[in-house]
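Taken together, the values in this text are just the output of simple stated rules run on the coordinates, not laboratory data. From a predicted model like this one, the values you see are computed outputs, not experimental measurements. Cβ: placed from backbone, ideal geometry, glycine included. Neighbour counts: every protein chain shown.
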Amino acid sequence: MRGISSGIAGAFCLFPVLAVADPSFECSISSSSQVETADCLANVEKTVDRTLAAALELATRSARELDEITGRELGVLALEQSQKAWTVYRDDQCEFVGTTFGGGSGTGIAIRSCRVELGRARIKELFDNLQ
């Protein structure tokens, strides 16, 4: 986080640590059924989505500040394009993962786990590139 402003750095500290390898395993430890695991994953996905939205807001603010400093209008546009492409990738990739379950009862869990994993990775990418 090179040259990150103190407000952004402070906000970064408020986010929960989201670095666990397998979201379905996280949830299955405290669950006794696939229904409970699916419900847990739905809650984890909501948390990841909220954190991703906040990280994207901080990244946009950082890109805007850099654009103002450099007199260019490239950072925000590139971030917006990147986010759109990432969203399409996440949705398509996780649907593919779901198809590998052949329509079985674990399909929804697999799709949600994929979305959580990719969301966590995107959050890290956004924070790694804050200016």
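Taking a spot 7 Å from the Cα of T87 along the direction of its beta carbon, which residues of region 38-72 have an amide N less than 18 Å from it?
Correct set: 45-61.
How would you rank V116, V35, going from fewest to most other Cβ atoms within 10 Å of each one's own Cβ?
Working: V116 26, V35 10.
Going from least to most buried by this count: V35, V116.
If you rank L56, L77, L41, L118 by fewest surrounding Cβ atoms within 10 Å, what's the result?
Details: L56 17, L77 12, L41 24, L118 20.
Least to most surrounded, the residues fall as L77, L56, L118, L41.
Which GluC sites (Glu not before Pro) in region 64-94 pass both tests, a DSSP loop state and at most 14 other beta-carbon atoms within 10 Å? Present the calculation step by step, with values, prior to reporting the outcome.
On the way: sites: E65, E68, E73, E80; in loops: E73.
When the GluC sites (Glu not before Pro) of region 64-94 are filtered for loop state and at most 14 Cβ neighbours within 10 Å, E73 remain.
Report the normalised scattering of region 22-129 as log10 I(q)/I(0) at q = 0.12 Å⁻¹, calculated by the Debye formula with identical scatterers on the alpha carbons.
-0.49
Can you work out the FRET efficiency for the pair I29 and T100, with r the C-beta to C-beta distance and R0 = 35 Å, to the nearest 0.05? Mind dumping the intermediate values first?
Values: r = 23 Å, r/R0 = 0.66.
About 0.90, to the nearest 0.05.
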